[in-house]
């Protein structure tokens, strides 16, 4: 990639060489070959691994060896063995709570951004977008160092004499996981809602005001319904990211904060049952797909005007 | 949007300030404690020093992890830029269900949770007996950031007027020349923005990397292993440096993203 691009003299007379080997020769790839070339890498490194992964869930493990005979054992084990289904449900609920917190905090901010003008709008928006690019593990670490039993918050409160014993309900349980994920994922909720609010045509709001609606009524009957697609997209995004995470629960969840993502991860670590882990991931994909479909539908929705 | 009543504006700003505090507060505290010690439940104001930073430079494992992260990031971004641009050009050049389907495949690693992307690659590498190393990390990152490049380039391609390309072809440039001298200059800022964004994503990638990495680790892996041990001023110093680097990247990216 070159840093500076020089514009060549585009206006030059066409000569015999150009006509002979020019555009036709270079552009004349057979359609099938072109298609095959385009598909080659995405197939090899995205489709094939995902398919292998889907299939692996239908094999089982005996001792330490994978037996390549199709079976539904992994899936029945998910329902029959204690612990898996309840963790799955509690993880989905956790995802819903995280999405709810993110949307509740994100909506007012998106609304504020949409009401700002000019430079201020994008400057403030950037402040909420920048943390998305900041190291994920560092953010968890920083949050944990505040919430922890030996963390900044507890030690300061102890010093100030507000408490006598360190608070322990802030760390190493599902609440800690929920709070941490909500903080990490809020920006993912703000941006789609902001985009949806920005898309609302101004004349709709003016019409509503002209027809005598007070601002609250305009908000409830015009703005809120039209921004719901952004809410759905933001909620889906945060939900998907929350339920698939396994690092955050591991770092702030302790023993109590066990989530489905951690169970899956452990199958590939000391649990060492890859087929079962693959089957569990497929089950994880069900709520994920539901969320993606919801977001896709919301994204396609057009104003019925 | 309509102008808001003052009390409502104030309320919205309060929520915004609260969330900003949640987003940035922990990070600033970490940076703060890279300079000051925290003993007997209070900040030791007279303990200001750069020793934590100096110790970082002596830690060969951190230097190695940083180098690995840069190497992986640069190669993965370069690969993603080339492949993503070609795929975007392919999609832009025609219509049809096949192209739309290919688009979905390209977006898949971004749509499914990272744990699924990571696991599928992990299984794939084991099935083809490919040992986990930095090479597998590069592949994982390329697959992950490809969608970013593809999306950015495609969005830009759709704004480039077709008449420009047609004019170029009519005036006798062949397709390569048209791409190189007409299209590429138009794509340049999109590629730069996508490249920076992709590098930032790769630099930070944890959930996929953790699954496909071999014995050599990238920075997030090293941080992950350190943080299980506890909090030290060294880690805080590293955190501060990484944050400074990311902020710089963000500023660069916005510079190019905001350019039309």
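Table for the structure above
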item: Entirely in the stretch A:91-174, the helices (runs of 4 or more DSSP H) that have 1 or more residues that are more than 30 Å from residue B:210 (Cα to Cα) and out of contact with any strand residue (DSSP E or B) (no Cβ under 9 Å at 6 or more places or on another chain); result: A:118-133, A:152-160
item: Considering residues of the stretch A:129-143 that are under 14 Å from residue B:33 (Cα atoms) and in contact (Cβ under 8 Å) with a residue 24 or more places away in the chain only, the residue surrounded by the most Cβ atoms within 10 Å (Cβ to Cβ); result: A:143
item: The stretch B:140-159 residues that are under 18 Å from residue B:208 (Cβ atoms), paired with ones that are outside any helix (DSSP H, G or I) (beta carbon under 8 Å, 6 or more apart); result: B:140/B:205; B:140/B:208; B:141/B:205; B:141/B:208; B:144/B:205; B:144/B:208
item: Flag if residue B:182 is closer than 25 Å to residue B:34 by Cα, more than 13 Å from the chain's Cα centre (by Cα) and facing chain A (nearest Cβ under 8 Å); result: no
item: Index of the failed condition, residue B:207 passing every other in (1) under 14 Å from the mean Cα position of the chain (by Cα); (2) outside any helix (DSSP H, G or I); (3) more than 7 Å from chain A (Cβ to nearest Cβ); result: (3)
item: Residue in the stretch B:190-204 that is under 18 Å from residue B:109 (Cβ atoms), at the interface with another protein chain (Cβ under 7 Å from one of its Cβ atoms) and either surrounded by 24 or more Cβ atoms within 10 Å (Cβ to Cβ) or modelled with pLDDT of 90 or more (or both) present; result: yes
item: Among the residues listed as A:276, A:239, the single one being buried (at least 20 other Cβ atoms within 10 Å of the Cβ) and either in contact with a strand residue (DSSP E or B) (Cβ under 8 Å, 6 or more places away or on another chain) or without any contact (Cβ under 8 Å) to a residue 24 or more places away in the chain (or both); result: A:276
item: Residue within the stretch B:61-74 that is surrounded by 13 or more Cβ atoms within 10 Å (Cβ to Cβ), modelled with pLDDT of 85 or more and in a loop (DSSP other than H, G, I, E, B) present; result: no
item: Qualifying positions in the stretch B:107-140 - surrounded by fewer than 23 Cβ atoms within 10 Å (Cβ to Cβ), in a helix (DSSP H, G or I) and more than 10 Å from chain A (Cβ to nearest Cβ); result: B:110, B:134, B:135, B:136, B:138
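The values are calculated or read from the model by the stated rules, or taken from the named source; none is laboratory data. Just so we're clear, the structure is a prediction, and the values are computed from it rather than from any experiment. In this analysis, Cβ positions are derived from the backbone assuming ideal geometry, glycine residues included, and neighbour counts consider all displayed protein chains.
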